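The values are calculated or read from the model by the stated rules, or taken from the named source; none is laboratory data. Nothing here was measured: the structure is a model prediction, and the numbers come from that model. Cβ: placed from backbone, ideal geometry, glycine included. Neighbour counts: every protein chain shown. For the accessible areas, the whole protein counts, side chains as well, though only heavy atoms, and no ligand, DNA or RNA atoms are used. Shrake-Rupley method; radii C 1.70, N 1.55, O 1.52, S 1.80 Å.
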Amino acid sequence: MSNMIDTGYYYVRNFHYSNRYICMSGNQEFVGHDVPHKIYVDVKDKVQHLATLQDIVVKPPVYLTLDPKIHRVVGQSEPKELQLSSEDGYKFVIHPKDVNEVAYLTDDGNWSWIYVGPALTGNESKYWMFERVDR
């Protein structure tokens, strides 16, 4: 792994479905949406690429968590460290530390669920880009 992003505010855009951003829905699950939500990334360990991701647009703010039981990305009030793996510093895979269960989209529809599943070779929708924005 290389090229970890810095702590800060980001829009998190899907690489394959480039007009879909991570956004909290009304039912505490994250979706791909055409309107980005500002995500605060707090880097905890730059070497291991560990960080917490918090949607600061919703009130109260919630942290992204990958729930393998329901296979979706959900929000919770307590921070959960995630690993942001990247080979190029541009496309990142979001997953629990050292676990091959990643966040991905299955289609380009607005309000599409962000699912959790194995990081399959050739699945470009498992990659996310972090676009730095002001607070």
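May I ask you to verify whether GLY26 is touching a residue at least 12 places away in the same chain (Cβ under 8 Å) and either closer than 12 Å to ALA103 by Cβ or among the small types (Gly, Ala, Ser) (or both)?
no
For region 81-101, name all the residues that are in contact with a strand residue (DSSP E or B) (Cβ under 6 Å, 6 or more places away or on another chain) and either of a type in the set (Asp, Glu) or farther than 17 Å from TYR115 by Cβ (or both).
GLU81, GLN83, LEU84, SER85, SER86, LYS91, LYS97, GLU101
Regarding region 52-65, can at least one residue be identified that is of a type in the set (Lys, Arg), over 22 Å from LYS91 (Cβ atoms) and part of a loop (DSSP other than H, G, I, E, B)?
Within region 52-65, one or more residues are of a type in the set (Lys, Arg), over 22 Å from LYS91 (Cβ atoms) and part of a loop (DSSP other than H, G, I, E, B).
Filtering region 30-42 down to residues that are surrounded by 16 or more Cβ atoms within 10 Å (Cβ to Cβ) and part of a strand (DSSP E or B), which residue is farthest from the chain's Cα centre (by Cα)?
HIS33
Six or more apart or on different chains, Cβ under 6 Å: which pairs go from a residue in region 47-63 that's under 12 Å from VAL73 (Cα atoms) and without any contact (Cβ under 8 Å) to a residue 60 or more places away in the chain to one that's assigned to a strand (DSSP E or B) and among the charged types (D, E, K, R)? Could you list them?
VAL62/ASP55
Here are some residues: SER18, SER77, SER86. Which one is over 19 Å from ILE5 (Cβ atoms) and out of contact with any His (no Cβ under 6 Å at 6 or more places or on another chain)?
Answer to the selection: SER77.
Restricting the search to region 71-102, which residues are in contact (Cβ under 8 Å) with a residue 40 or more places away in the chain, part of a strand (DSSP E or B) and either under 16 Å from GLN48 (Cβ atoms) or of a type in the set (A, V, I, L, M) (or both)?
VAL73, VAL74, LEU84, SER85, PHE92, ILE94
Which residues, taken from region 108-135, are open to solvent by 70 Å² or more (accessible area, probe 1.4 Å), part of a loop (DSSP other than H, G, I, E, B) and farther than 14 Å from PHE30 by Cβ?
LEU120, THR121, ASP134, ARG135
Identify all residues within region 73-104 that are open to solvent by less than 80 Å² (accessible area, probe 1.4 Å), out of contact with any Leu (no Cβ under 8 Å at 6 or more places or on another chain) and not aliphatic (A, V, I, L, M); write none if there are none.
Listed by number, the residues that qualify are GLN76, PRO79, SER85, SER86, ASP88, GLY89, LYS91, TYR104.
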